[in-house]
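Right, one structure below, let's go through it.
Read-outs throughout are calculated quantities, based only on the coordinates presented, and are distinct from any laboratory measurement. Because the structure is a prediction, the values reported are computed rather than measured. Cβ placement follows ideal geometry from the backbone for every residue including glycine, while neighbour counts extend to all protein chains displayed.
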Amino acid sequence: MALVPLLFFCLLVSPIYGGAQESPAWTSLVEAERAFAAASLAKGMRAAFLEFLAEDSVLFRPGPVPGRKWVEEHPEPLTQLSWSPEFADVSQSGDLGYTTGPWEIRSGGQQQRSAAAGHFVSIWKRQAGGPWQVVVDLGISHAAPADSKPMPLVGPRANEQKPRRGGQVAEERYELLAFDRELANSVSDKGTAQAYLRYLADDAKLFRERKSPITGKRDIFAQLSQDGHRPVLRPDKADVSNGGDLGYTYGLSRLSSSGSADGTGTSSYYVHIWKRKGGRWTLVLDIENPGPQQRSPSFAGEKP
């Protein structure tokens, strides 16, 4: 998104909210994302990522790789990366959250013409008394919008509660990974659009390469119906908050040219963000990072 320097600076430091009912954890998560973005401009991308990535973080290049190790092995890009959060949510236990928003690459600083744009998804985690750190980071590329006006920052209300015991968290991880496998089986059987109807939250978000993000169950169903895909999903990892109400999974999505998996064709890597509503996991965000057949990995091409 094309942002002039002054406008971008104001977006970083000003609390622009749109309907969010902030909890202390939600506010601190937004502040961490903004500090991450400010560090990218002040110190450069490489230093900013090394400052905010967790030791066990994962970046998608295009598949999941150890985040800090990947950044350490790559030189500082000759481009400038800027971004800002426009949506954030946090677990009730205040230890897991995620942010989304637009990113932009400029080849010669903020005064230069935009070279690339898109949206990012970052998943954050923190230990008791510790700072927020990024554990998963990826994004999509799409055309920069014509309107550069910043969007109000929004997010659901999150009331903090005491975390559960570690044993229960381990059980929740296992349950969520099994739930993602259940979704994968349904996708193979019914196709993505029909399968997702059962799992999508009403306010879910869909991120796909070369397309602006889509919000809302009805619009997502329409887009997935138009795609008509029937990929094979292979869940790999899951993690959940201490409170057991927010979690994520990621894995591989393989699609043949005919729309059914046969060991050939294109592959993508997906991240699903889940939120427990009414005692049941619902899918609140789905993002796919295209595999090497569609896009080459690049440190400078996205906020991952």
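Tabulated results
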quantity: Residue exposure sequence - Phe49, Phe87 - by fewest surrounding Cβ within 10 Å; calculated: Phe87, Phe49
quantity: Extension gain from Asp56 to Ala143, taking 0.36 nm per residue of separation minus the Cα-Cα distance; calculated: 28.1 nm
quantity: Separation in nanometres of the label points that stand 7 Å from Cα toward Cβ, at Asp203 and Ala222; calculated: 2.0
quantity: Residue-by-residue Karplus 3J(HN,Hα) for segment 60-66, coefficients 6.51, -1.76, 1.60, Hz, glycine and proline x; calculated: 10, 9, x, x, x, 9, x
quantity: Residue pairs, from the table Lys190/Lys217; Lys43/Lys211; Lys190/Lys277; Lys237/Lys275; Lys190/Lys275; Lys217/Lys277, whose Cα atoms sit over 20 Å apart; calculated: Lys43/Lys211; Lys190/Lys277; Lys190/Lys275
quantity: Where GluC sites (Glu not before Pro) fall in DSSP loop in segment 51-94, at most 11 other Cβ within 10 Å; calculated: Glu73
quantity: Phi to ³J(HN,Hα) by Karplus 6.51 cos²θ - 1.76 cosθ + 1.60 over segment 221-230, Hz, x for Gly, Pro; calculated: 4, 4, 5, 5, 5, 5, 5, x, 7, 9
